[in-house]
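Before any comments, here is the structure.
We did not get these values from a lab; they are worked out from the coordinates using the rules stated. Please read all numbers here as calculations on a predicted model, not as lab measurements. Here the Cβ positions follow ideal geometry from the backbone for every residue, glycine too, while neighbour counts run over all protein chains shown.
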Amino acid sequence: MNTMKKLLILLIAFTSFSAVKANEGMWLVSLLNKMNEAEMKGLGLNLSAQDIYDINNASLKDAIVRLNYGQCTAEMISDQGLVLTNHHCAYDAIQTLAIQNGDDYLTKGFWAYEKNQEMPITDFVVSFLERIEDVSARVLEGIDHTTPEADRAALIAERSKAIMEESTNDGMYETEVKSFFYGNEFYLMVYKTFSDVRLVGNPPEAIGKFGGDTDNWMWPRHTGDFSMLRIYADANNNPAGYSDSNKPYAPKHHLPVSALGVEEGDYAMIMGYPGSTDRYLSSFGVKQAIDLANPAVVEVRDLKLKTMKSHMDEDPQVRLMYASKYAGVANYWKYFIGQTKGLKRLNVFGQKQDIERDFQQWANADEKRKDKYGSALKMMEDYYNATTPYVKADKYLLEAGITGADIVLKAWRMGNGIQISYDDEAKQFPADKLAGLKAQGEGSYSEYNEMLDKDLFVKVMTMYMKNIPPDQMPDIFKTINGKYKGNVQKFADKMYDKSIFANQENFDAFIAKPKMKTLSKDLAWQFANSVIALYRTGFGDADAVAYDQSYRLFVDGLRKMNPSKNYSPDANSTMRVTYGSVQDYFPADAKHYDYITTHKGILEKEDPSNPEFIVPGKLKELIEKEDFGGYADANGDLIVCFLTDNDITGGNSGSPVINGDGHLIGLAFDGNWEAMSGDIAFEPELQRTISVDIRYVLFIIDKFAGATNLIEEMDLVTERKTVLKEPALEMAPVEDEDIPMMD
Ligand code: ARG
């Protein structure tokens, strides 16, 4: 074998080795370094880091948008403001429009065949990232590990505020200074936010949420989890509130859509807004999650789901009103069940202990290091020990007390509105303020059912009383235990009968005769104040500052201990890139999962008696006739979903899966069951991103919905032309026949 060939093989071996570990990491889009770039090119990227993020020229980042401040991600797919995201990201908006128009778009789907049929969505925003700037030096100037924690916090807050204020360009931009690596680095994010956003199309739930909660967080998957929106702007292409005269927004960049399909090993990159991960969580934190936090969340949610479902099953109108709330509760109910399982099965506790042992040794090996980092882990352990007795009460407070029955947050928000509107001096409500309150009340009971809400309140509060020690309950329980003799039902009877916030009627009666005294005596208002006050003060006397300090030192030390390791920061709703490739996996001993699913699986799963597995007649007909309209693969199969080894989490929903040429090949929408502990520890062998294949999306739009108007707007790529820009050394073209010669 000649030397050139040996070199090539070495390089191939190296590339595939690095491919295995390349998949962990949600890299800040502006910070792709040499190491990242080499790995990306090794995996098949034909673009440069500058093609991905560039503040002077249009780049991929200009096609990626943040939905509702981090709830989800979406991407621009035409030069006319057309946006693609997940069905589950627009789910709440679709529900609201369905109720407003008395037309069940969740069940039936919705398509605008012309722009004037698109429906404006209220309270929905889309943000474009203008730029990112490292402001660590300025934020942390003169601060070191001896600075008292309170001073540090005050300085950081003050400087961040100044930076944010001076970067808005007279209010044109929204700005944030975000902490990275637990307060070790700070970056300024500058956004342009649009609020005239309209619904363009969504498939029926039987496609967009096919498989329902049974298939959620699982592979193999057959869900067409997509929907389409459009951004409108003023005559200058700038953000503006909804107006008839607004025009479709022209983005700086939109993604070409590749109809060429995916194959195992293909380069795959996902850009988006992952919300939060805990990759540096300590063994103490892992133990607390497994033993206390996760089970508490799951048991309350379990009860919430059963209670809601019993009412939703009775009445289709109630089902529609609560569809989105139910899906949200169910999503993280299942998530925490899976996370606990994964943490145990993969012995994440043990993995973390190993890291901590090494860290302590490293810290102790040098006097100066010992001084700075030596007590970080001890401080952390003390913090967890101090919080352990209260974890369950804390979770119940949030899950049952604050976000259980809707009346609680309604009372909190609207009660505060009433309080602010009152004119203390004139001792009355000014007419304009009263009109504002009235308007606020008008929309707010359209997705609320008093019977369901009351049942939910009684059930979760009864559970609360049973499972939480009396000295850890909010003060309002003194009233329930005293005046109502511990009978939650009696308290609820009175509260829902009399409270201003229990229904539209009561609220209107209050507006007709508003008095501050009525508010102060209101049981729902008292309840809300009590739970929120406790949530704010917290339980026990665990030193929350010690948490921040210990993690900041631990993460800083860890990075100094392994200077050659490329650590990525935890997700924090800022724009990240994850790169990897299309990959299958082995979920358990002797089991193998293919990396694609096809139309066949849709019919295999069909079950007309189960609402989660209904196949719409039109879709069934197209599949049976194999009428795939040119969107099938070379074998004639219609690919529905596929897997990649990218590193994503909640908030990434709706993110584009992009190939080596920067073209859209899929839409990320989920993670897989075997790696549900992935937010805490990434598992390269097991962790996969589940995406809907863009060809299935095109097929549904074109063949199922007949919305060819939307397809025509896109730049479809139907022929492979690989543009090789400055090929890296690893990219030296390898002839096919070279590979079998490896010996
Ligand atoms: N697990 C998905 C995520 O967190 C949400 C899927 C929504 N579908 C559902 N059946 N609840 O992004």
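I need the calculated FRET efficiency for the pair Asp302 and Asp358, taking r as the beta carbon distance and R₀ as 51 Å, to the nearest 0.05.
Details: r = 39 Å, r/R0 = 0.76.
It comes out at approximately 0.85.
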Practice problem: Using a Förster distance of 51 angstrom, determine the FRET efficiency expected from the C-beta separation of Asp103 and Asp366, and round it to 0.05. | Solution: 0.15
Exercise. Just subtract the alpha-carbon distance of Ser276 and Gln440 from 0.36 nm times their residue separation and send over the number in nm, one decimal.
Key: 55.8 nm
Practice problem: Classify region 283-426 as rounded, prolate or oblate from the Cα gyration tensor: take a ≥ b ≥ c as the square roots of its eigenvalues, call it rounded if a/c is under 1.5, otherwise prolate when a/b beats b/c and oblate if not. | Solution: oblate
Quiz item: Gap in Å between the Cα centre of region 133-193 and the Cα centre of region 559-631?
Solution: 38
Quiz item: Can you give me the pair-distance distribution of region 115-188, C-alpha pairs, 10 Å bins, whole percents?
Solution: 16, 40, 22, 13, 6, 2, 0
Quiz item: Lys368: net charge of surrounding residues, Cβ under 13 Å, Lys/Arg +1, Asp/Glu -1, itself excluded?
Solution: 0
Practice problem: Could you please rank Leu558, Leu553, placing first whichever residue has the fewest other Cβ atoms within 10 Å of its Cβ? | Solution: Leu558, Leu553
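Which net charge results for the neighbourhood of Pro569, defined as the other residues with beta-carbon distances under 13 angstrom from its beta-carbon, given Lys and Arg at +1 and Asp and Glu at -1?
Working: positive: Lys178, Arg279, Arg552, Arg559, Arg576; negative: Glu24, Asp134, Glu185, Asp278, Asp556, Asp570, Asp647.
With Lys, Arg at +1 and Asp, Glu at -1, the net is -2.
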Quiz item: For region 527-630, which GluC sites (Glu not before Pro) are in a loop by DSSP, counting at most 13 other Cβ atoms within 10 Å?
Solution: Glu626
Self-check item: the chain: calculated mean residue ellipticity at 222 nm from DSSP helix runs of at least 4, using -39500 (n - 2.57)
Solution: -13000 deg cm²/dmol
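Quote to one decimal, in nm, the extra length available between Gln80 and Lys478 on full extension: 0.36 nm per residue of separation minus the C-alpha distance between them.
On the way: separation 398, 0.36 × 398 = 143.28 nm, distance 5.86 nm.
The span from Gln80 to Lys478 would gain 137.4 nm if fully extended.
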Practice problem: Give me the lysines in straight-line cross-link reach of Lys591: C-alpha distance below 29 Å, same-chain residues under 8 apart excluded. | Solution: Lys21, Lys209, Lys334, Lys341, Lys344, Lys352, Lys600, Lys605
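Identify the trypsin sites (Lys or Arg not before Pro) of region 607-641 meeting these criteria: DSSP loop state and at most 11 other C-beta atoms within 10 Å of the C-beta.
Values: sites: Lys618, Lys620, Lys625; in loops: Lys625.
Here the trypsin sites (Lys or Arg not before Pro) that fit, given the DSSP loop and packing criteria, are Lys625.
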Quiz item: Loop-only check: which trypsin sites (Lys or Arg not before Pro) in region 518-592 are DSSP coil with at most 12 other Cβ within 10 angstrom?
Solution: Lys565
Quiz item: Using the C-alpha gyration tensor of the chain, what are the square roots of 5 times its eigenvalues, in whole angstrom, with the largest one first?
Solution: 42, 35, 27
Quiz item: Can you give the Kirkwood hydrodynamic radius of region 563-705 from its Cα pairs, in Å with one decimal?
Solution: 16.9
Practice problem: Would you please give the residues with an amide H less than 5 Å from that of Cys72, counting only those at least 5 places away or on a separate chain, with H modeled from the backbone geometry? | Solution: Leu67
Self-check item: Distance (nanometres) between label positions extended 7 Å along Cα→Cβ at Asp244 and Thr146
Solution: 7.0
Quiz item: Looking at the chain, which Cys residues are left with no other cysteine's beta carbon under 4.7 Å from theirs?
Solution: Cys641
